[in-house]
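Here's the structure, in structure tokens; my notes come after.
The values are calculated or read from the model by the stated rules, or taken from the named source; none is laboratory data. Here the structure is a predicted model, which is why all the values come from computation and not from measurement. In this analysis, Cβ positions are derived from the backbone assuming ideal geometry, glycine residues included, and neighbour counts consider all displayed protein chains. Heavy atoms of the whole protein, side chains included, go into the accessibility calculation; ligands, DNA and RNA do not. Shrake-Rupley method; radii C 1.70, N 1.55, O 1.52, S 1.80 Å.
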Amino acid sequence: MAASIIDGRAVAKEVRAEVAGEVEAFRKAHGYPPGLAVIIAGDDPASRVYVSSKKKMCENLGIHSEEYAMPASTGQEELIATIRNLNNDKRIHGVLVQLPLPNHLDEGEVLETIDPRKDVDGFHPVSVGNFVVGKEAFVPCTPLGIMRLIKKTGMEIKGKRAVVVGRSNIVGKPVAMLLLAQHATVTICHSRTVDLPGVCREADILVAAIGRPEMLDGSYIKPGAVVIDVGVNEVGRTEEGKRILVGDVKFDEAKEIASHITPVPGGVGPMTIAMLMRSTMDAAWRAVGKGGCGCSCKS
Ligand code: NDP
């Protein structure tokens, strides 16, 4: 039987509706809305698209948003000063710096300047450390979205074998830690893993975060597995110039073997900005002394 398709657009809509309700409740209780500041330096077209999507989503949900578009020539000190101002701004609960930064800027120092209480992207080393030791912390948004999608399948994560292919700080490592926090037995694979198909075939939950078009074919999938495909790979353009995207999993083969699978596009992708809104809301609740774990991992 073919797998159920996990509809990321629908789940993202649910998250947005949940956040919109909380934004309204917060505004009523405090007289001002949650606030998110996004800093972008330079003219990278993809980054500009992401920043404008984040702004639009904030507007739709009633979250106050501020965009700081700085030229590519911006100096380190100016960028740091902008972040420090936002750290001290009571109307702003989340601060994020759109990556990548122009080469002359020190990304590490920039990310470490963000107040961890406002670090809604979860890239500050303090956020990473707190998360790993199980303390309250922000967690990168794509892994949070992945967890929502897995939970949506109804599969109990506890005790399951989970395999994550990819060990980036943005996706692979944090999603592995979230699965571990939910009591899965987790294996992290990478480019030096021996017998990758064999390891993947042990997975009840398989997360592919590689960036290689359709690399995982049917031979990597355990019958009945939940397959989450994070990959976004452009493999061409339509006649109208629209990007043709595929994931890291050979969807047509995998869907005949898995129990649940995310499509590309329309799976993990739509979840990322929705979870950023969730984290901004969590930051606002925490700023007024309410709310528990900002990472939503236990919700
Ligand atoms: P990175 O390039 O940072 O990491 C890729 C990982 O894949 C690395 O750990 C690498 O291993 C591993 N890898 C590469 N080749 C192989 C191979 N042949 N066998 C096994 N492992 C391999 O990518 P990201 O984590 O940033 O992103 C992964 C994918 O997810 C990309 O397609 C990206 O576009 C997409 N993405 C989607 C998002 C969304 O919102 N939908 C958000 C973020 C990313 P090693 O460490 O050994 O080099």
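Annotations for the structure displayed:
- Listed peptides 37-46, 234-243 by packing density, highest first (mean Cβ within 10 Å): 37-46, 234-243
- Shape analysis of region 179-245 yields a ratio of the Cα radius of gyration to the Kirkwood radius, Rg/Rh, of 1.06.
- Sulfur and carbon atoms: percent of accessible area, region 48-136 [1.4 Å]: 51
- Label-point gap, in nm, between residue 107 and residue 237 - each point 7 angstrom along Cα→Cβ: 2.7
- In the chain, the longest principal axis of the Cα atoms and the axis of helix 141-152 are about 50 degrees apart.
- In this Cβ point-charge picture (+1 for Lys and Arg, -1 for Asp and Glu), the chain has a dipole of about 940 debye about its Cα centre.
- Relative contact order %, the chain, counting alpha carbon pairs below 8 Å whose residues are six or more apart: 22
- Residue-level accessible surface for residue 104, protein heavy atoms, 1.4 Å, Å²: 110
- Dimensions (Å) - region 1-156, Cα atoms, principal axes, largest first: 56, 39, 35
- When 219, 279 are compared by accessible surface with a 1.4 Å probe, the order from highest to lowest is 219, 279.
- Tilt relative to the chain, helix 76-87 - C-alpha long axis, 0 to 90 degrees, to 10: 80
- Overall, the accessible surface of region 164-299 at a probe of 1.4 angstrom is composed of carbon and sulfur to the extent of 53 percent.
- Mean-position separation - Cα centroids, region 9-45 and region 194-255, in angstrom: 31
- Where region 189-293 is the region considered: accessible area per residue in Å², 1.4 Å probe: 44
- Net charge of neighbours whose Cβ lies under 12 Å from the Cβ of residue 214, counting Lys and Arg as +1 and Asp and Glu as -1: -3
- Per-bin percent of Cα-Cα distances, region 102-258 [10 Å]: 11, 35, 32, 19, 4
- For the chain, modelled as a GNM whose springs connect Cα atoms under 10 angstrom apart, the maximal fluctuation among 31, 198, 224 occurs at 31.
- Accessible area (Å², per residue) of region 1-123, counting only protein heavy atoms and a probe of 1.4 Å: 51
- Residues of region 211-244 with an amide N closer than 18 Å to a point placed 7 Å from the Cα of residue 10 along the Cα-to-Cβ direction: 226-229.
- Around residue 145: net Lys/Arg minus Asp/Glu count, Cβ-Cβ under 15 Å: +2
- C-alpha long axis of helix 172-181 to longest principal axis of the chain, angle in °: 80
- Peptides 172-179, 211-218 ordered by average Cβ neighbours within 10 Å, highest first: 172-179, 211-218
- Distance histogram for the chain (every C-alpha pair counted, 10 angstrom bins, percent rounded to whole numbers): 6, 27, 33, 24, 8, 1
- Summing Lys and Arg as +1 and Asp and Glu as -1 over all other residues whose Cβ lies under 12 Å from the Cβ of residue 204 gives a net charge of +3.
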